[in-house]
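First up is the structure itself, then whatever we jot down about it.
Any read-out appearing in this document is the output of simple, stated calculations on the displayed coordinates, not a laboratory observation. For clarity, every value in this text was computed on a predicted model and none was experimentally measured. Don't worry about glycine lacking a Cβ; one is built from the backbone with ideal geometry, like all the others, and counts go over all protein chains shown.
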Amino acid sequence: MSHLPAEHPAVKPPRVGVLLVNLGTPDATDYWSMRRYLSEFLSDRRVIELSPLLWQPILQGIILSLRPQKSGKAYDSIWNRELDESPLRTITRNQSDALAAHAAAHWPNVQVEWAMRYGNPSIAVGMDALAGGGCDRILVVPLYPQYSAATTATVNDKVFEWLQKQRWQPAVRTLPQYHDHPAYVNAIAQSIRDHVAGLDWTPDLLMTSFHGVPKEYLDKGDPYHCFCAKSGRLIREALDWPADQYQQTFQSRFGPKEWLQPYTDVSIEAAAKRGVKNMLIAAPGFSADCLETLEELAIEGAEIFKHHGGENFAFVPCLNDSALGTAMINQLVGEELAGWV
Ligand SMILES: C=CC1=C(C)c2cc3[nH]c(cc4nc(cc5[nH]c(cc1n2)c(C)c5CCC(=O)O)C(CCC(=O)O)=C4C)c(C)c3C=C
Ligand SMILES: [Fe+2]
Ligand SMILES: [Fe+2]
């Protein structure tokens with residue numbers, strides 16, 4: 001006859017968890033908050049592929065003495081003062097709330113949480129909340145349409161680092177990239193169409209700007225570059241936008257090495273100099289507006305364009321928690337939960 005020990009773990013009714021994950025964000029814009037965030041981010045060996053013996057002295061000594069102030073100022077210019085947090089955090093939480101509402105209506109045994117790869121709330125906190133809620137199956141959703149080792153893979157690494165510490169592991173699925181999914185391509189195309197309809201001028205250039213990575217990562221086999229090119233082409237085709245009035249670029253260069261080209265800032269300047277007067281820019285690689293879109297594109301991009309002779313400049317907001325954006329997330333998650341709900 002067998003006897004269960006008194007401390008036998010409680011067996012809860014099975015539930016399914018979904019964890020939405022985006023990049024990360026500082027808790028505040030002061031020097032130490034910025035330093036903590038940038039240190040975690042730039043110490044990730046998927047992001048900076050250098051030996052820590054070489055990189056950490058440069059990072060801790062030089063970069064983290066100056067960059068926290070500079071980036072803190074940039075974050076200050078876009079900070080959500082009402083909620084005292086970065087826009088990326090506000091938007092990701094809203095996306096999660098919208099998915100949770102959809103789940104409550106359609107998939108009653110699904111719990112939704114959200115997390116940031118760097119900063120708070122962490123992936124471990126999100127996974128703890130799902131496991132604590134009784135989820136024995138978890139779908140992880142890195143909110144990156146185009147796969148890169150520097151983004152999608154490092155989210156999955158962090159999830160599996162959490163799994164390594166669990167005695168009772170849930171089953172885990174990860175959402176694959178969706179760079180050519182019709183729901184994604186059509187949602188981006190529609191958001192661009194809607195934005196154009198609200199302008200009192202006609203764009204003579206549409207630029208789609210994606211976050212860059214060092215060119216070396218492409219040479220080593222990271223497929224991100226090709227996925228961005230394909231997304232750009234599919235979006236242009238969905239819009240039926242003339243090829244000679246379209247350009248795809250890469251932004252947010254960091255450090256002295258070559259990054260993926262053409263560079264967004266250089267291309268905006270060149271467009272203005274060759275006589276483009278009306279320019280529209282979109283950022284289809286970002287699921288949510290953040291420093292890189294609100295500051296680098298909408299503010300700095302407009303300044304560069306106008307400084308070099310451009311007249312009208314508009315930025316198409318990311319899908320964020322718009323009806324288009326949340327419907328797309330609901331669809332992608334619904335397809336990936338097949339067999340689980
Ligand atoms: C070598 C450094 C970096 C690589 C490689 C990199 C890849 C990469 N990043 C994103 C998306 C985002 N990056 C954001 C901010 C940001 N990125 C870097 C550096 C690299 N990114 C830094 C240092 C920062 C912080 C700000 C700064 O100091 O400039 C953000 C915004 C976060 C926010 O809270 O607003 C996003 C989003 C992708 C998609 C990507 C590779 C494909
Ligand atoms: Fe980045
Ligand atoms: Fe940037």
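Worth a mention:
- Most simply put, the chain has about 5% antiparallel DSSP beta bridges, counting only bridges with both residues inside it.
- Mean sequence separation of contacting Cα pairs (under 8 Å, at least six apart), scaled by the length of the chain, corresponds to a relative contact order of 20 percent.
- Ellipticity at 222 nm from helices only: DSSP H runs of n ≥ 4 in the chain, each -39500 (n - 2.57), divided by the residue count, give -12500 deg cm²/dmol.
- The DSSP beta bridges internal to region 182-316 are antiparallel in roughly 5% of cases.
- For the chain, the equivalent ellipsoid derived from the Cα gyration tensor has semi-axes of 36, 25, 18 Å, listed largest first.
- For region 182-316, the fraction of C-alpha pairs farther apart than 23 angstrom is 30 percent.
- Order by protection proxy (mean Cβ within 10 Å, highest first), peptides 148-159, 73-84: 148-159, 73-84
- Residues of type aspartates and glutamates that Lys230 reaches as a straight line, Cα spacing below 13 Å, ignoring anything fewer than 8 places off in the same chain: Asp180
- A straight chain from Gln245 to Lys306 at 0.36 nm per residue would run longer than the Cα-Cα distance by 20.1 nm.
- Per-peptide average of other Cβ atoms within 10 Å, ordering 131-141, 61-71 highest first: 131-141, 61-71
- Value of relative contact order over region 182-316, rounded to a whole percent, pairs C-alpha under 8 Å and six or more apart: 32
- q = 0.09, 0.11, 0.19 Å⁻¹: log10 I(q)/I(0) that the Debye formula gives for region 121-265, counting C-alpha atoms only: -0.39, -0.56, -1.12
- Within straight-line reach of Lys73, meaning a Cα separation under 13 Å, sit the following aspartates and glutamates at least 8 residues removed in sequence or on another chain: Asp30, Glu295, Glu296.
- Eigen-decomposition of the gyration tensor built on the alpha-carbon atoms of region 13-161 gives equivalent ellipsoid semi-axes of 30, 19, 11 angstrom, largest listed first.
- Neighbour net charge for Thr326 - beta-carbon separation under 13 angstrom, K R +1, D E -1: -1
- Fully extending the segment from Asp157 to Asp194, taken as 0.36 nm per residue of separation minus the present Cα-Cα distance, adds 9.6 nm.
- Relative contact order of region 1-119, taken over Cα pairs closer than 8 Å and 6 or more residues apart, is 44 percent.
- Computed over the chain with a Gaussian network model linking Cα atoms closer than 10 Å, the most mobile of Gln331, Gln248, Gln166 is Gln166.
- Mean Cβ count within 10 Å, highest first, over the residues of peptides 201-212, 221-232: 201-212, 221-232
- Under 16 Å from a label point set 7 Å out along the Cα-to-Cβ vector of Asp204, the amide N atoms of region 229-268 belong to 242-247, 268.
- You can think of it this way: the chain between Lys277 and Val341 has 17.9 nm of extra reach, that is 0.36 nm per residue less the Cα-Cα gap.
- Selection from Leu239, Gln56, Asn320, by position along the positive dipole direction of the chain (Cβ): Gln56
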